[in-house]
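For reference, the structure is listed below as structure tokens.
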Amino acid sequence: MKTWGILILALVALIAFKLCTFVTTEYNQALIIQFGKPVGNPVVKAGLHFKTPFIQEVKYFDRRILEWDGDPNQIPTKDKKYILTDVTARWRISDALKFYQTVRNETGAHARLDDVIDGDTRNVISNHLLVEVVRNSNDILTAENDEFDLGERIKLDTIQFGREALTKEIFAAAAAIVPQYGITLVDVKIKRINYEESVQRKVFERMISERKRIAEKFRSEGKGKKAEILGKMTKELRRIKSEAYRKAQEIQGVADAKVTRIYADAYNPGRDFYQFLKTVESYDSTITEDSVLFLSTDSEYFRYLRRAK
Amino acid sequence: MPNEFSEFKDDVRKVGDKLKNLSGVKSGGQAAIVVLALLLLAAGFSSIYTIDPEEAGVILRFGRYLDTTGPGLHFKLPFGIDKLYKVQLTTIRKEEFGFRTSQAGVVTRYENAEYNDESLMLTGDLNVADVEWILQYKVNDPYKFLFHVRNVNKNLRDVSEAIMRLVVGDRSVSDVLTTERVAIADQVKVKMQETFDLYGMGVTVTNVILQDVNPPETVKDSFNEVNAAKQEQEKMVNEAWEAYNQAIPEEKGKADQTIQVAEGYALERINKADGEAKRFRALFRAYVQAPAVTRTRLYLEKMEEVLKRPKQVYIMDPAAKTLLPLLNLKERPAPASAPAAAAGGAQ
């Protein structure tokens, strides 16, 4: 019976312990509520804590970073383009007491965050051009791209702020408001930006026509390059041909000059003999079978016909 | 927790009752000892735990962080005083964006459903690209992973989507589709890690890999057309160079030929001249020895040779006034036609 006694005693002690204590874990914090009203400071530190049994109850709140994901909002940008913007944020309950007093629970907090962040998002985005929301820097203007080489780059605008700057703007505006709900905003990010359905169709049409134009440019550039190469070829052909002609003429001229000198050197001493010889030799080709000759008996060859003297 | 404990106690008591009935033990004292022993046994079992090699164990005592334990056999306080959280440490976790693997394997199957919401995004030149990617990560700090962020998965996905759009938004659509894939993945990885460090999420991004990156379905054809045009451009340029490469070497050969011919001409002329000059000099040297007789000889020899050729040769006395033949050195086969032949020969 003694052992039974120990067991029962242990059980009673356990129940008493349970009634007088509560545990907060690493991921949560607690508020002690007495007759419906919070008592004392929130319990933030993880561990074993005491409370008055029966009259105090414990409300737990998360201590971790929590997520918030807004509904996609259709917002017109400054240049009147309708885009669906989906913003996501991280937040945490930094003051459980204030949190409990103002928004009660996470559902309430979400409602407030919806109002605050959506509102600020709308303000910031409608105050800027679409490119400011889409792009983050001007890197695209200096990026190397064979399409840009065709003159596509000119169409792109320079941006002043960029997405990260706008996100920071939204964050700063929202972060300034939420502490009154016992909430700290950790981060705001623009998760998605998309064209609204009807705009998207038009964008696709524009993309198609843009692509067609670029394709046409590539083709005509190809033709241009081809013509250029063929032109270069013609030029080269003429250059090579004329250079060869010039050189050939030069060689022949030099040779002709040399030949002239050789003949002159050789024939000059025997000028008369050369004349005689050449004249006589030339009879060979000038007098043929078809020639008809009228010769005088005065001629050197026939003079003996008259008298042999 | 104490609820669990009382339930547990009830169970123990039931077991104890059964044992009592079975063994026929009548004494209440003995039964209590059995119950106590069983309680101790249960405490013993619930205070031993093992951690697998790829895991880490995080121990909380009354909710407060106590220790992180590595692989092996460990002890903790029983009955929920110490609580154990196990985390897979070395496992690479994966998130898919824009598609879902329905069954991984040798032939991996993908779900046919479209996840355009995730994958369609605006590019820097205000076009639309369809980007699919995967994110691989692992836990680097079990404590942070468990207790800093509530919904790690949702956070990962939100951040990954936001950053992918941020990075893609800084590039033109054609760069996103072609050359910039690796750069995009790298940049996303770095920026995601920065954000996760900011959140204290306790994860390391091991890889961001772009999968299919396409133009949206409706504009795909026109993108293909651009590619085709690029090919066509290259083809035209290649064709032109082909023609160039065909014609130029041939022309160079011809040019060489022209020059060679000219050189040949030069050689020939000079050789000929040289030869003729030498011949003349030799002849002249001999001639100078006896000019008069040589001259006469050469003349007469040539005349003899030459005058044989013409069919008609007329020799006239200087006194004769008319053009009448005095002597026909050659016999005419048909004297009647002589005047005609003479006329022909005169031409």
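The values are calculated or read from the model by the stated rules, or taken from the named source; none is laboratory data. These figures come from a predicted structure and were not determined experimentally. Cβ placement follows ideal geometry from the backbone for every residue including glycine, while neighbour counts extend to all protein chains displayed.
Annotations for the structure displayed:
- B:K220 vs. criteria buried (at least 17 other Cβ atoms within 10 Å of the Cβ), of a type in the set (K, R) and within 13 Å of chain A (Cβ to nearest Cβ): no
- Members of segment A:243-288 that are under 60 Å from the mean Cα position of the chain (by Cα) and either exposed (fewer than 15 other Cβ atoms within 10 Å of the Cβ) or more than 9 Å from chain B (Cβ to nearest Cβ) (or both): A:E243, A:Y245, A:R246, A:Q249, A:E250
- Any hit, segment B:135-148, residues being within 10 Å of another protein chain (Cβ to nearest Cβ), free of Cβ contacts under 8 Å to residues at least 60 places away in the same chain, of a type in the set (A, V, I, L, M) and in contact with a Phe, Trp or Tyr (Cβ under 6 Å, 6 or more places away or on another chain): no
- Given (1) closer than 30 Å to A:H128 by Cβ; (2) in contact with a helix residue (DSSP H, G or I) (Cβ under 9 Å, 6 or more places away or on another chain); (3) within 9 Å of chain B (Cβ to nearest Cβ), number of the condition A:F171 does not satisfy: (3)
- Being facing another protein chain (nearest Cβ under 9 Å) and either in contact with a helix residue (DSSP H, G or I) (Cβ under 6 Å, 6 or more places away or on another chain) or modelled with pLDDT of 90 or more (or both) is true of A:E164.
- Checking each residue in segment A:1-39 for being in contact with a helix residue (DSSP H, G or I) (Cβ under 9 Å, 6 or more places away or on another chain), surrounded by fewer than 17 Cβ atoms within 10 Å (Cβ to Cβ) and more than 12 Å from chain B (Cβ to nearest Cβ) picks out A:I33, A:P38.
- Residue pairs whose Cβ atoms lie under 7 Å apart, separated by 6 or more positions or on different chains, with the first residue in segment B:286-314 and more than 7 Å from chain A (Cβ to nearest Cβ) and the second buried (at least 16 other Cβ atoms within 10 Å of the Cβ) and part of a helix (DSSP H, G or I), are B:T294/B:Y287.
- Of all residues in segment A:52-97, those that are more than 10 Å from chain B (Cβ to nearest Cβ) and either within 20 Å of B:R150 (Cβ to Cβ) or of a type in the set (F, W, Y) (or both) total 12.
- Filter pass, B:Q211 being surrounded by fewer than 19 Cβ atoms within 10 Å (Cβ to Cβ), polar (S, T, N, Q) and either at the interface with chain A (Cβ under 9 Å from one of its Cβ atoms) or assigned to a strand (DSSP E or B) (or both): yes
- Per-region count, segment A:85-104, residues modelled with pLDDT of 90 or more and not in a helix (DSSP H, G or I): 12
- Listing of strands (runs of 3 or more DSSP E) fully contained in segment A:25-74 that carry 1 or more residues being more than 29 Å from B:T195 (Cα to Cα) and in contact with a Cys (Cβ under 7 Å, 6 or more places away or on another chain): A:47-50
- In segment A:217-242, the qualifying residues are those that are under 14 Å from B:E225 (Cα atoms) and facing chain B (nearest Cβ under 7 Å), and the one that is surrounded by the most Cβ atoms within 10 Å (Cβ to Cβ) is A:F218.
- In segment B:43-134, counting only strands (runs of 3 or more DSSP E) that sit wholly within it, the ones holding 2 or more residues that are surrounded by 15 or more Cβ atoms within 10 Å (Cβ to Cβ) span B:48-51, B:55-61, B:64-69, B:82-88, B:93-97, B:120-122.
Conditions tested, residue by residue: (1) more than 30 Å from A:G47 (Cβ to Cβ); (2) at pLDDT 85 or above; (3) more than 14 Å from chain A (Cβ to nearest Cβ).
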position	(1), (2), (3)
B:N3	no, no, no
B:K18	yes, no, yes
B:N21	yes, no, yes
B:F45	no, no, yes
B:P53	yes, yes, yes
B:A56	no, yes, yes
B:I59	no, yes, no
B:D67	no, yes, no
B:P71	no, yes, yes
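- Those residues of segment A:23-59 which are touching a Leu at 6+ places or on another chain (Cβ under 8 Å), closer than 30 Å to B:K144 by Cα and in contact (Cβ under 8 Å) with a residue 24 or more places away in the chain, in sequence order: A:V23, A:E26, A:Y27, A:L31, A:P38, A:N41, A:P42, A:V58, A:K59
- Taking segment B:94-110 as the range and being modelled with pLDDT of 85 or more and under 26 Å from the mean Cα position of the chain (by Cα) as the test, the residues that pass are B:E96, B:F97, B:G98, B:F99.
- Applying the condition of being within 7 Å of another protein chain (Cβ to nearest Cβ) and over 30 Å from A:F171 (Cβ atoms) to segment A:183-215 and asking which residue is surrounded by the fewest Cβ atoms within 10 Å (Cβ to Cβ) yields A:K212.
- The residues of segment B:168-200 that are crowded, with 18+ Cβ neighbours inside 10 Å, of a type in the set (A, V, I, L, M) and within 8 Å of chain A (Cβ to nearest Cβ) amount to a single one, B:V173.
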